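The values are calculated or read from the model by the stated rules, or taken from the named source; none is laboratory data. As the structure is a prediction and not an experimental result, all values here were calculated from the model. Methodologically, a virtual Cβ is constructed for each residue, glycine included, from the backbone with ideal geometry; neighbour enumeration extends over all protein chains shown.
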Amino acid sequence: MKKSAYGGLLRLLAGMAAAVLLTVTLGGCGGADGEKKHTREIFAMDTLMELTAYGDGADDALSDAVNKIKELEKTLSATLEGSDVYKINSAAGTAVAVSDETLGQIRTALSVSENSARLNSGRPALDITVYPLVNAWGFVNKDYRVPGDDEIVALLKKVDYTRVECGNGTVKIPQGSEIDLGAVAKGYTSQTLMSVLEDDGISSAIVSLGGNVQALGTKPDGSKWNVAIQDPLDADGVIGSVSISDEAVVTSGGYQRYFESGGVTYHHIFDPSTGSPARSGLLSTSVVCDDGTTADALSTALFVLGLDKALSYWRTVGGFEAIFVTEDGRIIVTDGIKDSFSPAEGTEYEVIVVSSRTK
Ligand code: AMP
Ligand code: MG
């Protein structure tokens, strides 16, 4: 491996802000047609969010977008009393009425759980009921710890996405279980912001919610947005950029949130079959897809699956493209975006394009 994975905790912590910066090359402050650029920053969902929109009415539209983010945070937070997720968790064992928005995300997550389980001997890579483990490892309250094996085994008994029941406007989970929409909520939020901005008459905008970037239309001059993808081993570096319009680019990686204990790094993306942070040989997974929620669900799931099964998912289920950074120094690009991905100049990674047909 060319560099040590997770090397330099302080350097990376210092770079956490950079990790969530708008990793987008906007190219100037206005479009060729002189449309004015408006920006807004908000810290929500534990992430710095950067919103950019162009043209008349963009400032008001961004205010609507910020309000929508605040509203969604109140609905989707697992820790905020009164949120849909909080209600589902505290009423475990009985059906709870939730918004269509919450229900839609849960359904998207469950379908990715099912698809991933099919490709992984029945073991899902995405499972929203993994929350008790996320909590036990300290990722909810940031009081990080490594649970003992017995504790992990006991908590794993509560993890089973097949027991989440979606009804007509309701969700029910088994007593003792808890869910967390952390793997999809930001993707859903970026997707929703596209509608909010569009309804306000905006045709050119881009939002960056941590590792989730989503674009509405093109830049005002008609060219595509260039979204930089962070180097998981270098908080100040990028591995390249992908050009998009009307699409989401969502990245999941162990470098985004982690702690160290006894010289070992533990990150926030769990393998629901082991109850521990996934060790799949990937440093990051970026998914490019029309739908932000799906992109977010997939980026987490494919990270857990590891490269080979992730590529099987891409080949058999499809509907997205992806860029994987592997621990052994490779950037794997699916062939549907080979022309829109530009590796960083002089990158030390080996760039490999994979075809949808051959392995
Ligand atoms: P993401 O950053 O989108 O990859 O999502 C990671 C977040 O989703 C974590 O912070 C947890 O809250 C939650 N999570 C971690 N592992 C999983 C998993 N395997 N399935 C579902 N949610 C997960
Ligand atoms: Mg995700």
In the range 107-135, which residues are within 11 Å of ligand 1 (Cβ to nearest atom) and more than 13 Å from residue 162 (Cβ to Cβ)? 112, 125, 130, 131, 133, 134, 135
Taking the criterion of being more than 16 Å from ligand 1 (Cβ to nearest atom), surrounded by fewer than 24 Cβ atoms within 10 Å (Cβ to Cβ), more than 15 Å from residue 119 (Cβ to Cβ) and within 18 Å of the chain's Cα centre (by Cα), would at least one residue in the range 343-359 satisfy it? no
Which of the numbered conditions does residue 46 fail, given that it passes all the others? Conditions: (1) under 20 Å from residue 222 (Cβ atoms); (2) modelled with pLDDT under 95. (1)
Complete set of residues in the range 247-262 that are outside any strand (DSSP E or B) and away from ligand 1 (no atom under 13 Å from the Cβ): 247, 262
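Would you mind finding the one in 290, 231 that is within 15 Å of the chain's Cα centre (by Cα) and among the charged types (D, E, K, R)?
On the way: 231 fails: within 15 Å of the chain's Cα centre (by Cα).
Among 290, 231, only 290 is within 15 Å of the chain's Cα centre (by Cα) and among the charged types (D, E, K, R).
Show me the strands (runs of 3 or more DSSP E) found entirely inside the range 271-359 where at least 2 residues are of a type in the set (A, V, I, L, M) and without any contact (Cβ under 8 Å) to a residue 60 or more places away in the chain. First the steps, then the outcome.
Working: elements: 282-289, 321-326, 330-334, 341-343, 350-354.
Passing ranges, in order: 282-289, 330-334, 350-354.
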Residues in the range 272-281: is at least one in contact with a Pro (Cβ under 7 Å, 6 or more places away or on another chain), under 26 Å from residue 153 (Cβ atoms) and within 8 Å of ligand 1 (Cβ to nearest atom)? yes
Conditions (1) within 16 Å of ligand 2 (Cβ to nearest atom); (2) in contact (Cβ under 8 Å) with a residue 60 or more places away in the chain; number of the one not met by residue 265: (1)
Pairs where the first residue, in the range 226-237, is on the phi > 0 side of the Ramachandran plot and the second is assigned to a strand (DSSP E or B), C-beta under 8 Å, 6+ apart: none
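How about the range 221-246: which of its residues are in a loop (DSSP other than H, G, I, E, B), in contact with a helix residue (DSSP H, G or I) (Cβ under 9 Å, 6 or more places away or on another chain) and more than 16 Å from ligand 2 (Cβ to nearest atom)?
If we filter the range 221-246 for residues that are in a loop (DSSP other than H, G, I, E, B), which is where we start, we get 221-224, 232-233, 245-246.
Those still in the list that are in contact with a helix residue (DSSP H, G or I) (Cβ under 9 Å, 6 or more places away or on another chain) too: 232-233, 246.
Hits for the range 221-246 are 233, 246.
Looking only at residues in the range 239-270 that are of a type in the set (A, V, I, L, M) and under 18 Å from residue 327 (Cβ atoms), which one is surrounded by the most Cβ atoms within 10 Å (Cβ to Cβ)?
Quick first cut of the range 239-270, residues of a type in the set (A, V, I, L, M) only: 239, 242, 244, 248-250, 264, 269.
This time we only want the ones that are under 18 Å from residue 327 (Cβ atoms), so: 239, 264, 269.
Details: 239: 24, 264: 10, 269: 27.
Looking at residues that are of a type in the set (A, V, I, L, M) and under 18 Å from residue 327 (Cβ atoms), I get 269.
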